[in-house]
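Presented below is the structure to which this report refers.
What follows is calculated from the coordinates using simple rules that are stated; it is not laboratory data. Note that the structure is a prediction, hence the values are computed from the model and not measured. Cβ atoms come from the backbone with ideal geometry, glycine included; neighbour counts cover every protein chain shown.
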């Protein structure tokens with residue numbers, strides 16, 4: 001376990017609070033990834049991850065949870081600090097196992113849009129739900145193949161197009177949902193809606209999450225690194241993006257025809 005954080009200046013006056021709590025290899029990969037894709041970062045400090053309390057968080061613009069796994073944030077003061085930080089205009093983002101860090105924290109699951117879900121490494125086709133978003137610009141508009149651990153959130157989870165603006169999802173019509181004859185019944189949703197990246201507003205703040213990030217390609221393919229950079233810019237408030245819940249956006253588009 002890597003119980004530390006990097007406070008990174010992404011641009012003049014834009015600070016990212018980056019807890020690295022989880023597998024050491026994932027933490028190092030993501031830290032190097034940020035250095036590579038931005039190129040002009042300054043590491044401001046290294047400190048204990050429990051600095052995630054309201055007074056200290058007020059110094060930053062966003063929190064990025066780097067594959068944080070397990071019930072890490074159990075201190076009520078830390079939980080209150082994180083929720084308050086986002087509600088009052090901060091940003092929060094994360095990838096892969098992050099929602100598993102809040103199984104016993106309903107407010108966090110609601111904010112991030114999911115909790116732990118059944119998963120295994122498989123090959124699926126990824127659909128670009130919103131090709132007009134600056135967060136999906138690197139992918140183009142066509143579906144593409146990807147191998148990863150696809151967390152599947154049950155219908156009882158907070159995941160919903162009524163709340164989140166879905167950026168990417170599994171293209172069910174083009175995918176083999178029983179990869180290599182290994183159908184995961186616990187991974188199957190009645191509505192066949194498997195979101196893979198989304199944003200939303202939470203209070204006055206901004207959130208981003210993707211359940212992907214188990215395989216190396218997520219950290220080496222330029223499409224994904226550019227996507228992550230845009231997501232980080234979004235939660236920092238440095239990049240505008242439409243966060244209208246997908247269901248509402250679809251209704252509005254249909255009504256305007």
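Using 0.36 nm per residue and subtracting the Cα-Cα separation, the extra length available between residue 144 and residue 59 on full extension is 26.7 nm. Packing around the peptides 193-206, 89-102, taken as the average count of other Cβ atoms within 10 Å per residue, puts them in this order, highest first: 89-102, 193-206. Placing dummy labels 7 Å off each Cα toward the beta-carbon, the span from residue 121 to residue 192 is 2.8 nm. Using a simple spin-label model with pseudo-atoms 7 Å out from Cα toward Cβ, residue 226 and residue 248 lie 3.0 nm apart.
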